[in-house]
Every structure is written in C-alpha cells, then in structure tokens.
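The values are calculated or read from the model by the stated rules, or taken from the named source; none is laboratory data. Quantities reported herein were computed from a predicted structural model and do not represent experimental measurements. Cβ atoms come from the backbone with ideal geometry, glycine included; neighbour counts cover every protein chain shown. Heads up: the accessible areas ignore ligands, DNA and RNA and are worked out on the full protein's heavy atoms, side chains in. Shrake-Rupley method; radii C 1.70, N 1.55, O 1.52, S 1.80 Å.
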Amino acid sequence: MLEAIETSQDPTAAALEVRGLEVVFATDAGPLKAADKVSFAVPAGRTLGLVGESGCGKSISALAILGLVPPPGLIIGGQILFNGDDLASLPERRMEDIRGARVSMIFQEPMTALNPVFSIGSQVAEALRIHRRTSRPEAWKAAVEMLARVGIADADARAGDYPHQLSGGMRQRAMIAMALICRPEVLIADEPTTALDVTTQAQILDLMMAMQRDLGLAILFISHDLGVISEIADEVAVMYAGAIVERAPAGELFERPLHPYTQGLIETLPGTGPRLPRLPAIAGQVPDLGALPRGCRFSDRCPLADDECGASEPTLAAAGERRRVACWKAAP
Amino acid sequence: MSRFLLHRLLQSLVVLFLMSFVIYWLMGLMPGDPIDLMISADPKITSEDAARLRALYGLDKPITERYLNWLGAAVGGDFGFSRLYAKPVPEALLPALANTVRLLGITLFLSLLIGLPAGMAAAIRPYSKTDYTINLLAFAGISLPAFWLALLLIIVFSVFLGVLPAGGVAALGGDGFWDQAKYLVLPVANLTIASVGGHTRYMRAAMIEALRQDYIRTARAKGAGPARVVLGHALRNALIPVVTIVSLDFGFLFSGALITETVFAYPGMGKLIFDAIMGNDYNLALVALLFVTLLILIGNLLADLAYAWLDPRISYR
Amino acid sequence: MSGTPVLEVRDLCKRFPVGGKGPFADKSWLNVVNAVSFRLDKGETLALVGESGGGKTTLARAAAMLQPPTSGSVRFEGREITGLDNRSLKPLRRRIQMIFQDPYGSLNPRLPVGAIIAEPLLVHGLGDKAERRQKAIRLAEQVGLKAGDMSRYPHQFSGGQRQRIAIARAIALQPCLIIADEPVSALDVSIQGQVLNLLRDLRDSRGLTYLFISHDLAVVRHFADRVAVMYLGRIVETAAAETLFDAPRHPYTRALIAAQPVIGRGKRMAADCLPGDPPSPLDPPSGCPFHPRCPLAEARCRESKPELEGEGGHRAACHVVNGGGT
Amino acid sequence: MRGPMADTAESMMALALKRFRRHRLAIAGAVVLAVLASLAATAPLIATILGLDWEAVDLLNRFAPSSAAHPLGTDELGRDLFIRLLYGGRISLLVGLTATVVAALIGTAIGLLAGFYGGRLDALLMRFTDSVIALPLLPLLIVLAAVDLDKLGLPPSLVQSQYVSLYRIIAIVALVGWTTVARLVRGAALTIRERDFVLSARGYGAGGFRIMTVHILPNLISPVIVATTLSVGNVILLESVLSFLGLGIQPPIPSWGNLLTNAQELIWTAPGLAMWPGMLIFITVIALNFLGDGLQDALDPKATD
C-alpha cells in the first residue's frame, strides 16, 4: 500500500524547521538549559545529522519536536515549524494527530522501546488503527506488508512474534516499520544504530536510506558516532553542552571543520591513516549543564581560547556560503 | 506448560507434606493430650487405665511413627473425628469452607474492583492531589487493625444504629436474599477495607513503573492518546507484578478472614481453626490448617498461570 | 616466539546451561566459547574483536579465572591455572587484573575513591593503613586524578574519570597482564582518546601486557599489536594488526571492516553489507558457522568446519580463502 | 542526559535527606513516632508525676469518665486507662521493634547467602522461603502461641516468668517474619553480584565474606531499611491481634491488643473502651507506613529527581 513518491520539492524548502528552541529542566540546583537557542532545518528527502556527546541536548531537542520532553523539562522558547504549524505551541490533541502519522520517531534501544507484551504485528498496526481508523484485519495486513518491506523475512509469520523473540536488528526494523506505516514526512531517529553491531548497523543505515528514497522522507538523524553521521547525513549540526556550535554540509564539515571542538572530535578518533603513538585528545571533561564556563561554553577545553572567549559567548554566525560556526577564533 | 504445572504441583505437594508434619508435631506440643482430657472429664480413670489408653491410641509411640500412621489414614480418606463438633472432620469442615469461600470471594472481587482503578488513577499523576488522597486512604486501610475496625463497625451499625447483626449467619431456611446477605455485610466490609489499601498500593507502584518505561514513549510517539497509553500499553504490563503480589497475599487475606470471622462469629474456616485450637480439637485443627494451605497453594498456582497468560516472555515449557 | 608466553590458552571451551528450571524442564547448552587457542607474549597487546554474542567477554573472564572454563587449558606465565582453587589462585590474581566497560558499574558506589583504589592492597595484606593510603594517592596521581579526590564517591565523577579510577585500582597490585573489556566504548568520544593514551602510557612505563576486547575496529587498529577476530565463539582470523586491516582474508573480517563507518568517506553507497543476523549459538549452523551469511560460501562450507590455518602468524579459518582441494 | 548532581560535592546521604524532607507525611510520621516513643519510655515517670499506678484496682470507680484524676477514665476494674495505655505502648513498641530487627537479621542472612552463592543453596533456601510465605500466617501463629512450652523442654524459670508471653511473641513473629526481607535481599544480591565491581573484587582476590560484607551488603541496605520500617507496623498489628485473641501478651501486663480484648466483651456496656487502644495502634502503624514510604522515595535510586 506504499508506493514510491517522486521527490520533486525544492531541496531548500524545509520539511521541518526548528528556530531558537530552548528547553529547560527545573532541578534542585536551578534551571538547566538542555537546549539553548537550537536552530536547524531538514529538507524533504534529505538527512540532517545531529551529532554530539552524551548529555549535549541532542535527544532532548529531538523529543521537543514531538512534544515529548519528559518532566521536569519544559520548552520555554523558539518555534518548531512543520507544515505551517508551530508544533511548540500546538495543543496536545493536535500533536497526537501529528505524532506517528506525519512526524515519526525511532529510538536507540529497540528492546525497551517495544512493548514486551504485544506482538510486533499489532504494534506496527496500532499506528494505522490510531490515525486511519483502519479495521483490525486490514491494519494487520498492512503491518505485515510493511514488515516485509523493511526486510523482515517471512513477515506473515514473524508479525505474530513478540519483541523478545527477535534479534536486535529485527527489532529495529520493526520500529522502523511502525514509524513509517502512516507514511510520515519527517522521521526522527535518535541513535537508532547505537545498540546494534556494526554489520547490523550497516543494514539498518541502508534500510533507512532506501526508505528515504522511496518515501521522500526528511530524516533528523541523531548520533554520537561521527562515522555514522558522515555516512548518512547530507548536512551536519554539531552540538556541545546544549548548543549547536557548527553547522555545515557533511562533506565540507569533515574535510575542513571550523570549530575547535569539531576539529578535536575528528582528530581524536583513531582513523584509517598511519598509527600515531598518541591520539590528539581534547583535554578536560564534558561540562555539566549546571556548571558551564563563562563566555564560550567550550572555552575551558579549547586550545585556542583567550580572554575574549571567556568574556562573551559567540553566536552561530555565517562562515561561508552554507556554513555556520559559533566561535570567535574560527577562521572563515 | 504441562511440565511446568507438574513441577509446581509436585512442589506444592512437598510443601503440604512438610507442613503436615510440622503441624502434627506442633499439635503434639499443645497443652494436654486426649487422654489428659479424658482424665479430667472422668475422675474414675486410673493411671494404669491412662497408660493402657495411651498404648491403645498409640500415644506412647515416637512422633514420627504416630505421624506416619496418621498420614496413612489421611491418605486413605480417614481424617479422624472432631471432638468439638462430634462429627467426622470432613463433615465439620465443609460448611465452614463454603462460608469462607463466599466471604473471601466477594471480598477479593470488591477489593480488586476498587483497588486496581484507584491505584491506576493515583499512578497517572503521581504526587498530584488525587494521588495524595488515594494514597492517604490506602495507607489508612493498611494501617487499620482489622479487629478494631470490626469492633467499630459493630459499635456503629449494631450497637448504635441497630441496622445490622453483630455476628453469626442466617439461621437455616432464613428466608430471602437479604436475610442471608445482612450477615455478610459487615464481615465483607471489614475484610475489604483491610485488603483494598494493599491492592491500591501495589497497582499504583506497578503502574508508575510501567509508565516510565521506554515503550510508553514509543506509544506516545506513535500518536496514542492518554487513554490508549494507560489502558492499552501500561495496564497489561503493570498487571504482571500485581498478579504475583496479590497471589502471594492469599495467606494474608486468609489471616484477615480469621480475625473477621472470629469477631463477627461468622462460622467459616478461620473461626473454625481458632475454635479448634482453643478447644483442643487437634484432629480438626490439623486438617483444617492443611486444607487452607492447600487452597492458598492452588491460588498461587492459578496466579502462575495468569502470569504466563499476561506475559509472553514467560513460557512454561 | 620468545620465552614463556604471559598467557597461553588452548582449546578453551565454555558453555552455559539454558532452559527452564526444575526437574521437568528442557535443558540445552549454549556454547559461548568453542575450542579457542591463542598466546600472548610479554609486552604485547592482543585484541579480541567481533560482534556481540561472539564470546569475547566470556573468553576474557575465563582467562581471568572469573568463570572457570568448561574444558581446555589456560597457562599463566607457564603455569596451568584451570582447576586451581581460590586459595592457590589468590597469589596469581595479583598478576592479572581486569578493566570493565561500564565505569558506572565497575566501582562500588558505597566506597570512597581512596578505599576503592586501596582495596586490592588491603585484600592482599600489603602495607599498613597509612602506606596503603600513600600508595593509593600515588596511583591516583599517576592516572591523572587529584589527591583531593580520594574521599569523594564514584557518582561525583564523570565517566572518563571513573575509568581512570578503575585503571588506578587495576594497576595497584602491579600486575603484568591487564584484561580490558571494552574499556573505552562507554565513554564520550572526546574522552576516549584520553583513556587510550593513558593505557598506552602505562603499557610503556610498566611493561604491561594487554588482552584488549573491543568491537571498535578503529580503536583496535590504533591500539593493538595483534588481532583475533571472533565469530560465534571461535577465532576465525588472527594476524598482526596492520596485516589484518590491510589484507584481511576471512570474509567475516572483510565484512566487519567494510561495515565500520569511516569519517569523510562520503555518503554511503548502497548495500554490499552482510546479510542476516548472527545465528543463535544455541543452534549453530553446520560446517563453517559463517556460511549462511558468507558471500563466498561453497558446498563444502556447509559440511566441514574449516581449521585456523596460515603462515607468518596470519591465520584464517575459511575453506575458500585457504584454498586447498575442493 | 547528565544529571544535575553529577559533579557537585553532594553526598548520597544528603540527597536522600533532601528528598525525604519533601515528604511531609513521612516527617509527620517520624514526629508522631518520636512523641509516642518518648511517652512510652517515660511512662513510669509520668505515672509518678500524675500519682497513678497501672495495676491499682479501684472497684468503686469502674467505667469512670475522663476526669482530672483519670485523664481518659477507668476500665471495668477501675484502673486508669491512660497510664495503662502508656504501659501497653511500651510493650507494643518493644515487641514491634525487637521482633522486626531479629526477623530482618535472619532475612538478610538467608537472602544474602542465597543470592551470593546461588545454585543449589539458593534453590533450597528460596523454596523454603516460598513455602513459608504460602503458609496461612495467622492460624500458624495461633498454633505456635498455643504451644505448651513445658513440652518443648524449656527451663521452668523461663516458662513461669511473668514475661514469657513477651519473649514468646517476639520469637514467633521473628520466626515467620523474615521472608519479605529474605526475598528482597536475595533479589538484590543476585543483581549486585553480577555487577562489574563485584567481578573486579573477585578479580583481585577478595573472598566471599569480604565481597558480601563490603561490596554487596552496603548496596542493598536501603531497601532493607525501608522493608524493615514497613514491617514494624505489620508486627505491631500481629502482636495486637494475637494479644486480642488472648494468645499474645497475657494480662495483667497491658498491651494495646489485650486492652481491646476486654473492650470486645464490654462492647454493649462500654463501647468507648474500644476507642483508645485501637486508635493508638492505628496511629502508630500509619505513622510507620508513612515513614517507610518517605524513606522509600528518599532512598530509591530510580527516584525521578
């Protein structure tokens, strides 16, 4: 029931655009800004890679798009533009109509993200039952088709299986089937391959790219793994301690990173080049959101930092035609 | 599945067997034995007579031998004679059993009917006013001494208002439903108040745990509304631990029944066991205790089956 | 091959019973490690790579005598250690230490850092309280912690710092062999490099030998001298690190290297990725365990198990690449 | 995401205390218990000050209403109810605490051994625990309470002691009350023993005893504290019900439970007598439950903030 649709849209028109998103967590130690003026756009048929280390706010930003920030988190600013609506200010009932139907999400750990007491077929069919009010047998039939389409062999029989009876890769395929069965325009993938082995990861990445081609999906792909991002993303946004510090087309970013943090990340990874006795490591620790340094949030670990960096915070400014970087020292 | 059942049945039999020995042994430690009772009833019995009687009844033999004799007879269907009721033990037992099953059945039904939705309502918004109120009531129910509550109920409804009987059951042939039912109202109310708090708390805890699982976020990301999330996704997962705890609580429920039956003079198994122990009717006490244990074990077994039915991850091969 | 190897493992097997409990349940065996042999010379770093379920962790724990193997032999500095009881193992335990993946789980949350680092010394009755404290401070400083950290608790540290604490504890007894099970994979990218550098410095300054387990081929390529690739409980290929990455022979190794995402290679081109999932160790395929997923599989791969063969220390277990009669 | 406390110098205890202080019912529970405990502890002193005696019978002054001389009135023998309640509280609290602590120690030992060593020992101990749990508790306690201690061969000096009913009830409650803690500790120990820090302790040669006491026990102590707090309430309920049924603390020693026995007999003549002892049991037990609940929230590592 799903057929390929032509992606004739203007590649610069965003399917989803986030502008100045601010998410705050109220804690005993005071408010923590998990996302600080985060802005990005994902065009239809394209993939934006959102990369950063644990706790940098990338998952929270993604959850914010669907209005799923867990308490005590709260969106306090910014817009999430989708199809003419601002999702940040949409009432919950209307968000429910969008979630899973027009904007879908898949998660890192398919074992815990799937309900253990229902068969995968019924979990995939559920999205159709919610949004299309499809009858039970028809939804089941569509779910089986979708499971076959995401590469589950013998989908007719496997649809009756429970999550614990499937391998990790199969479970993630089932998650993808669940997310795509209503043919959404946007797919948010939060570390979808982190819990998987490399060979399975490769399969899932290929599957996601194939589904993107078929359905014209805009994908927001979140990962801590620069290698994965490099292989799947068209454009990359690098997050550090709650803010985006650099945004660029993937090729340019990996070839010539501008922000010292991005540079450090790329250099510290053992690559395919000659073996070095020591890896060039970024000094210090990932900062706690409650204890960011003054000025630039990377200034305490940055090899280029000087007084200016400790005094005021750089904003994400244009650095070339399609690039942006938040750094006082970055040479454009 | 049948293997698992077989295993559990065997296990239950072992428990029952050990239990029967321990209780038999404990009964032997009770003050007075049948011969002492006869002596006190009939002063003409001499000490030689007593010794002969002891030999006749086998009371001079070691405890294990006496136990095995009893066990042999019991397996053969001979459970002995109840002194208190002057009937064979099964005949004394069965009416009491029927009364208790009725009391416990209604109570369990009411308690789950009230407790599970209340626990769910509390869990949906933890630390809200609703949660706070439900919690407070649940704690009050758990903390109320059942026998005191029974006294209070009698004071209010029998002594002051005089609308309900303070105890007993309808006389045989007591006509009409209400004649029967009015004797049940206070015991059922008492036992339900005593157990509903626990059920509410279990459900609340299990539901809160279920609601913070990742699959709840998945369901919401799918567009499921609050009702579907709670009733469709969380409830079944929450019921899995609740079934276990409720079944482990059968013994506790029966203890409550004993108190309730005793205070309200309701002729069920609990009162029967209490009277039998107090009245030195050891044959009856022994069999009744074993019977109650058997009932609890069957309850546990049924819960295991419900558990397997609720949780597809469990396969009792 | 010079002198006695630090660790020599021969035909090691480890299997676990699975299935229900009770006398009526079906029981079957999970063969997690299957006839594995390798040797590890002084100062060398051997990496075990492969995907989850390949048996790396079980192998490491059996080698560290934390889980006794089902069969086979483990020799440590020439001495057979399988079958030894806890008392005879205790002096040997000073010489073998482990570092674990999860720095949140490998430190006792109820002990302050000073006590954690000094625990091994205490267990072996080394020094008095003051000496142990001094030693713990020296160790902490050596791994880049501060003396002031000694009275703080693990939850007050970040992942990278916790891994440093675990490393300080591991070197407290001056071991010669360290078994590191995914020591950097739970760490943030920007911290991984720091910890790898620390491990390398310790190797150079203390002459440590590492058995290094990782699923990250880039890390292994950087860190290891020799690599053994595991699949379904067996070693399918072993070679010097550079040889293995430059000229992999076993199709599984090739698939593994091909699947590893590489920065800057550009957007991935569709699929020549390995099909299917790793099979269940409960029901391993006949013949070569890799044959159902192997692009090169032939009829004989289904029938007979290939041996680990090859020259110059580069050996692979594959009928096809090893050639030989058909 | 990284928690707010990851790098602050706050200790776990301080955090727990902070969470506990937010739990107003638990604070109230703690205060009520402190008041009750100090009243019970100073009962003899209060008796002297008020010039009352818990044993003094005054047949001319039966069922007296509350007055200056008798704050809560008198019972069917003209004894002062208030002071008898305080003395009864001493007994009930003492039994509750002692029996629970003994039961918790037994349960911790059994659970720790089963969970740490696992295998056959675990299977054996847990089948045993499950069996005890499956027993109808109260009837069994009644049997135990009715056992003739002479026949057990205990020394007569003990059997005839005035306080034998006290010792007996502590012993039998402890004997059956350990199961909850045992299951809890065993479950926690099973999980903790698989944690890497235990593996690493075995790796550097720590023995079973050291691993159990240094590495496992401190990490499961919080749930044990919670379970123990909650079970003090249950034990007080059990003691009172047994005393109520005439099998626990024997008169003339007053306990909250046996004070209610009289009340039941006199329910038609003096229904007011049933009020105070039951109320005190209720207040004590609910305070303990609130306290336990607060501790659970405070010590639960999964707590949301």
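For region C:293-326, filtering for residues that are surrounded by fewer than 18 Cβ atoms within 10 Å (Cβ to Cβ) and outside any loop (DSSP other than H, G, I, E, B) leaves 5.
Counting only residues that are facing another protein chain (nearest Cβ under 8 Å) and assigned to a helix (DSSP H, G or I), which one in region C:117-158 is most open to solvent (accessible area, probe 1.4 Å)? My answer is C:155.
Residue by residue, here is whether (1) of a type outside the set (Val, Ile, Thr); (2) in contact with a Leu (Cβ under 8 Å, 6 or more places away or on another chain); (3) in contact (Cβ under 8 Å) with a residue 60 or more places away in the chain; (4) more than 8 Å from every other protein chain (Cβ to nearest Cβ) holds:
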{"site": "A:180", "(1), (2), (3), (4)": "yes, yes, yes, yes"}
{"site": "A:199", "(1), (2), (3), (4)": "no, yes, no, no"}
{"site": "A:215", "(1), (2), (3), (4)": "yes, yes, yes, yes"}
{"site": "A:252", "(1), (2), (3), (4)": "yes, no, yes, yes"}
{"site": "A:258", "(1), (2), (3), (4)": "yes, no, yes, yes"}
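Table: residues versus (1) crowded, with 23+ Cβ neighbours inside 10 Å; (2) of a type outside the set (A, V, I, L, M); (3) under 26 Å from residue C:154 (Cα atoms).
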residue	(1), (2), (3)
D:200	yes, yes, yes
D:203	yes, yes, yes
D:208	no, yes, yes
D:211	no, no, yes
D:226	no, no, yes
D:231	yes, yes, no
D:237	yes, no, no
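For residue C:251, which of the numbered conditions (1) touching a Lys or Arg at 6+ places or on another chain (Cβ under 6 Å); (2) surrounded by 23 or more Cβ atoms within 10 Å (Cβ to Cβ) fails to hold? It is condition (1) that residue C:251 fails. Scan region A:210-238 for residues that are open to solvent by 10 Å² or more (accessible area, probe 1.4 Å) and under 24 Å from residue C:52 (Cβ atoms) and the total you get is 2. Within region A:83-116, restricting attention to residues that are without any contact (Cβ under 8 Å) to a residue 60 or more places away in the chain, surrounded by fewer than 19 Cβ atoms within 10 Å (Cβ to Cβ) and assigned to a helix (DSSP H, G or I), the residue that is farthest from the chain's Cα centre (by Cα) is A:93. Exactly one residue among D:272, D:246 is part of a helix (DSSP H, G or I), open to solvent by 30 Å² or more (accessible area, probe 1.4 Å) and within 14 Å of chain B (Cβ to nearest Cβ), and that residue is D:272. In region C:116-145, the residues that are acidic (Asp, Glu) form Cβ pairs under 8 Å with partners that are surrounded by fewer than 16 Cβ atoms within 10 Å (Cβ to Cβ), at six or more places apart or across chains, as follows: C:141/C:147. Summed over region A:36-72, residues that are open to solvent by less than 30 Å² (accessible area, probe 1.4 Å) and assigned to a helix (DSSP H, G or I) total 7.
Residue selection: residue B:22 satisfies the criterion of being outside the structural domain of residue B:168 (by TED's automatic domain parsing), assigned to a helix (DSSP H, G or I), at pLDDT 85 or above and open to solvent by 60 Å² or more (accessible area, probe 1.4 Å).
Being part of a helix (DSSP H, G or I), more than 8 Å from every other protein chain (Cβ to nearest Cβ) and at negative phi is true for just one of D:214, D:232. Which residue is that? On inspection, the qualifying residue turns out to be D:232. Just one of (1) buried (at least 21 other Cβ atoms within 10 Å of the Cβ); (2) more than 27 Å from residue C:87 (Cα to Cα); (3) in contact (Cβ under 8 Å) with a residue 40 or more places away in the chain fails for residue D:139. It is (3).
For region C:228-237, the condition holds for no residue, the condition being that it is more than 21 Å from the chain's Cα centre (by Cα), assigned by TED's automatic domain parsing to the domain that holds residue C:28 and at pLDDT 85 or above.
Scan region C:232-244 for residues that are open to solvent by 30 Å² or more (accessible area, probe 1.4 Å), over 20 Å from residue C:301 (Cα atoms) and not small (Gly, Ala, Ser) and the total you get is 2. Over 30 Å from residue B:228 (Cα atoms) and touching a residue at least 24 places away in the same chain (Cβ under 8 Å) - does that describe any residue in region B:123-141? Yes, some residue in region B:123-141 is over 30 Å from residue B:228 (Cα atoms) and touching a residue at least 24 places away in the same chain (Cβ under 8 Å). Note on region B:102-151: residues that are of a type in the set (Asp, Glu) and not in a helix (DSSP H, G or I) amount to 0. A single member of B:198, B:176, B:225 is farther than 20 Å from residue B:265 by Cα, surrounded by fewer than 23 Cβ atoms within 10 Å (Cβ to Cβ) and at pLDDT below 90, and it is B:176. With respect to (1) in contact with a Ser or Thr (Cβ under 9 Å, 6 or more places away or on another chain); (2) more than 9 Å from chain C (Cβ to nearest Cβ); (3) not hydrophobic (A, V, I, L, M, F, W, C), the lone exception for residue A:287 is condition (1). For residue A:75, the test of being more than 10 Å from chain B (Cβ to nearest Cβ), under 18 Å from the mean Cα position of the chain (by Cα) and either surrounded by fewer than 23 Cβ atoms within 10 Å (Cβ to Cβ) or under 25 Å from residue B:314 (Cα atoms) (or both) is passed.
Does any residue of region D:161-176 turn out to be in contact (Cβ under 8 Å) with a residue 24 or more places away in the chain, under 30 Å from residue C:99 (Cβ atoms), in a helix (DSSP H, G or I) and not acidic (Asp, Glu)? Looking for residues that are in contact (Cβ under 8 Å) with a residue 24 or more places away in the chain, under 30 Å from residue C:99 (Cβ atoms), in a helix (DSSP H, G or I) and not acidic (Asp, Glu), one finds none in region D:161-176, hence no.
Screening residue C:65 with (1) under 30 Å from residue C:254 (Cα atoms); (2) assigned to a loop (DSSP other than H, G, I, E, B); (3) open to solvent by less than 40 Å² (accessible area, probe 1.4 Å) gives one miss only, at (1). If you check C:107, C:89 for being closer than 15 Å to residue D:201 by Cα, aliphatic (A, V, I, L, M) and part of a helix (DSSP H, G or I), only one passes: C:89.
Collect the residues in region A:149-205 that are aliphatic (A, V, I, L, M) and in a loop (DSSP other than H, G, I, E, B), keeping them in residue-number order. Result: A:150, A:152, A:153, A:159, A:166, A:181, A:195, A:196.
This table checks each residue for (1) open to solvent by 10 Å² or more (accessible area, probe 1.4 Å); (2) out of contact with any Asp or Glu (no Cβ under 9 Å at 6 or more places or on another chain); (3) not assigned by TED's automatic domain parsing to the domain that holds residue B:189.
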{"residue": "B:215", "(1), (2), (3)": "yes, yes, no"}
{"residue": "B:258", "(1), (2), (3)": "no, yes, no"}
{"residue": "B:268", "(1), (2), (3)": "no, no, no"}
{"residue": "B:274", "(1), (2), (3)": "yes, no, no"}
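Restricting region C:193-211 to residues that are facing chain A (nearest Cβ under 7 Å) and in contact (Cβ under 8 Å) with a residue 24 or more places away in the chain leaves a set whose member that is nearest to residue C:241 (Cα to Cα) is C:196. For region C:213-231, taking the residues that are small (Gly, Ala, Ser) and touching a residue at least 60 places away in the same chain (Cβ under 8 Å), the one that is nearest to residue C:310 (Cα to Cα) is identified as C:228.
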